[in-house]
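In what follows, a structure is listed as structure tokens, so that the remarks can point back to it.
The values are calculated or read from the model by the stated rules, or taken from the named source; none is laboratory data. All of these numbers come straight from a predicted model, not from anything done at the bench. Every residue, glycine as well, gets a Cβ built from its backbone with ideal geometry; the counts of neighbours run over all protein chains shown.
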Amino acid sequence: MTKSFGTRAGYSRRHALQLMAAGGTVGLLGPQLLGKPAFAQTPPPAPTGRVVVGLSQEPTVFNPLMPHLEVDDGVDFSIFDALFRINPEGVIIPNLAVEVPSQDNGGISEDGLQWRIKVRDDVRWHDGTPFTAEDVKYTLELIVNPDFRAWRTTGHALVHDITVVSPTEITWRMEVAFAPYLSFLTETFIVPKHVLETMADLNENAFNQAPIGTGAFKWGKRVAGDHVELVANLDYFGEGPYIEQLIFKYIPDNTVLYTQFRSGDIDLVGQAYITPDNYAEAATLADRVVTLVPKASVETIYLNMERPQFKELAVREAIYLAIDREAIIDALNYGVPTVTETFMPKQSFYFNPELPKHEFNLQRAAQVLDEAGWLPGADGIRAKDGVRLAFANSTTAGAHLREQAQQFIQQTLAEIGIEMTIANLPSAVMFGDFWALSQFDTAMSGITYLIGADPDVTNRFHTKAIAAQGGRGSNNAQYSNPEVDALLEEGSRTFDPETRRAIYFKVQEIVRRDLPFLPLFANTSVFGHKAGLQGFVSNSNTRTESWHAAGWYWA
């Protein structure tokens, strides 16, 4: 959030700075740079060369407003712009907007309900059409259009009375004050009205396969199953681009992904980055820069709470007790990740460090199940009321460390009479309707729960965010707790950071108690790129390594 736009007049820049010093990620006003390393050399006067980013999953969704994965974000951030962006320090900065609205500059009213946004007058879409406030209005209305398959509607559904005052100014009214909305707008990419309003089908159309944005790179082409190619937008209004081509290359096997980084076939390792088992060797490679960066994502086993075997808390507790997290972190992941008990990133001001600590205890796990009446049957598998304690676990095929973790967990669960089968899928299938509509029994995935740096997790944990039950959001576990719903609603309408902190501490306590997902570890990215690549800066407030590819160039 920016300074002083809430209901408390005392929330000032000084308070925000104090929060940042305390480890928070709070946005401030000001035309901050998106992030240039101190050692940066002089970029070329015109775009030259190309950068090949290796990805272990294939980008397939090119309308940024539709449900998509982290790997799609790299393409979205390069083709499109948002009203605002968030930099590595957690500062919300202008992008298509001229300034970040606040009470001080008149952009947001004292009660947080009236918003006024001024946008740039020097921006053109890739087809040459001028960008205006009409495009912003169209985008915000499209997101809540019931006929459109939107990625997120949380926050946007509160926006009413959108008025285009002029080509460079737009106003709207919030139904209620919604503290996270500025952060949400940093990941709300603006789409072209003049293109999409001509499409007969909002969900299946030509734009989705050849998008037109305002960003630093234009759509080039896609070779399905291989790569996506973007080309420099020479008329870009912002910094860069400094390279002629940006290639996202699909390499489904993580071992092959690393091998191609080592051989020089790719210039930068994107999602899922260098796997921890290759970190030690990667750090010794000549002409490579390899760094460890804490991520906002948490590696989890998601439980589908609508499956009968997971309805009872005792089962979820027992499964968690039967997972040897320390071995998964140390033996399989070489100590690179860190332990966590929550969805909140450790670097966040809102991280609750006082949650119960996980214990690996097979004897206790068996005891919990015995006491709850889940008893072994003739085949050795526990059952209760006709329900066998058996389920499938799914993850992305080719993610070898996850596959090893699955096999390890499968063995320990079998020791206490739980049958876990492994049913892995290609990424496009795994994270299609199978994931979005909760068609899995359990799923292993790295999840980023926050949008920008705001602590709101309505999209992940509110009952109304269960897509499989007609909601709009990413509550894939189908988790429903009225107390959590009420806390999330309160937190979204509260602007004072200390008050919000207490609310989200409580949310974390309840979610840790209920265990709709089992946290394995907090992810640490092993970033790797060629030494000659300049301008690369990691940003844990976004889901992609390519959040600012416009600033990349070769020395």
**Message:** If I filter segment 265-278 for residues that are modelled with pLDDT of 95 or more and surrounded by fewer than 17 Cβ atoms within 10 Å (Cβ to Cβ), do I get at least one hit?
**Reply:** yes
**Item:** Selection count, segment 329-340, where residues are assigned to a loop (DSSP other than H, G, I, E, B) and surrounded by fewer than 19 Cβ atoms within 10 Å (Cβ to Cβ)
**Value:** 3
**Asked** Restricting attention to segment 342-360, which residues are farther than 30 Å from Arg500 by Cβ and either outside the structural domain of Ile503 (by TED's automatic domain parsing) or surrounded by 15 or more Cβ atoms within 10 Å (Cβ to Cβ) (or both)?
**Response** Phe360
**Asked** Looking at Ile170, Ile243, which one is crowded, with 21+ Cβ neighbours inside 10 Å, in a loop (DSSP other than H, G, I, E, B) and not assigned by TED's automatic domain parsing to the domain that holds Thr458?
**Response** Ile243
**Message:** Quick test of your reading of the structure: Glu281 fulfils all but one of (1) touching a residue at least 24 places away in the same chain (Cβ under 8 Å); (2) assigned to a helix (DSSP H, G or I); (3) surrounded by fewer than 19 Cβ atoms within 10 Å (Cβ to Cβ); (4) not polar (S, T, N, Q). Name the failing condition by number.
**Reply:** (1)
**Message:** For the structure I just gave you, tell me whether Ala224 is over 30 Å from Ala286 (Cα atoms) and small (Gly, Ala, Ser).
**Reply:** yes
**Prompt:** Which is of a type in the set (Phe, Trp, Tyr) and within 20 Å of the chain's Cα centre (by Cα), of Phe131, Phe148, Phe80?
**Reply:** Phe80
**Prompt:** Are any residues in segment 440-482 of a type in the set (D, E, K, R) and over 28 Å from Glu403 (Cβ atoms), and if so, which ones?
**Reply:** Asp454, Asp456, Lys464, Arg472
**Message:** Checking the structure you have, find out if any residue of segment 214-226 is in the same structural domain as Asp135 (by TED's automatic domain parsing), of a type outside the set (Phe, Trp, Tyr), free of Cβ contacts under 8 Å to residues at least 60 places away in the same chain and assigned to a loop (DSSP other than H, G, I, E, B).
**Reply:** no
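Which of the residues spanning segment 101-128 are small (Gly, Ala, Ser) and over 29 Å from the mean Cα position of the chain (by Cα)?
Once the filter is applied, which keeps residues that are small (Gly, Ala, Ser) and over 29 Å from the mean Cα position of the chain (by Cα), segment 101-128 yields Gly106, Ser109, Gly128.
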**Message:** Please determine whether any residue of segment 250-261 is outside any helix (DSSP H, G or I), touching a residue at least 60 places away in the same chain (Cβ under 8 Å) and within 27 Å of Pro44 (Cβ to Cβ).
**Reply:** no
**Item:** Those residues of segment 483-520 which are surrounded by fewer than 22 Cβ atoms within 10 Å (Cβ to Cβ) and among the aromatic types (Phe, Trp, Tyr), in sequence order
**Value:** Phe495, Phe505
**Request:** Working only within segment 436-455, note down all residues that are among the acidic types (Asp, Glu) and modelled with pLDDT of 95 or more.
**Result:** Asp441
**Request:** Looking for whichever is farther than 27 Å from Ala468 by Cβ, at pLDDT below 95 and not in a helix (DSSP H, G or I) here; the options are Ala210, Ala179. Which one fits?
**Result:** Ala179
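With the condition kept exactly as written, say whether any residue in segment 142-149 is part of a helix (DSSP H, G or I) and either modelled with pLDDT of 95 or more or farther than 27 Å from Asn205 by Cα (or both).
yes
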**Item:** Failed item in (1) assigned to a loop (DSSP other than H, G, I, E, B); (2) more than 30 Å from Leu96 (Cα to Cα), with Val298 passing the rest
**Value:** (1)
**Prompt:** Within segment 488-547, can you find the residues that are assigned to a loop (DSSP other than H, G, I, E, B), touching a Gly at 6+ places or on another chain (Cβ under 9 Å) and aliphatic (A, V, I, L, M)?
**Reply:** Val537
**Fill in**
When restricted to Gly470, Gly528, Gly551, the only residue more than 29 Å from Thr214 (Cβ to Cβ) and not assigned by TED's automatic domain parsing to the domain that holds Glu359 is Gly528
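Taking the conditions exactly as written (under 30 Å from Gln439 (Cα atoms), modelled with pLDDT under 95 and not small (Gly, Ala, Ser)), does Thr300 satisfy them or not? Even if it seems obvious, please write down each step before you answer.
Details: under 30 Å from Gln439 (Cα atoms): yes; modelled with pLDDT under 95: no; not small (Gly, Ala, Ser): yes.
When the stated conditions are applied, Thr300 does not pass them.
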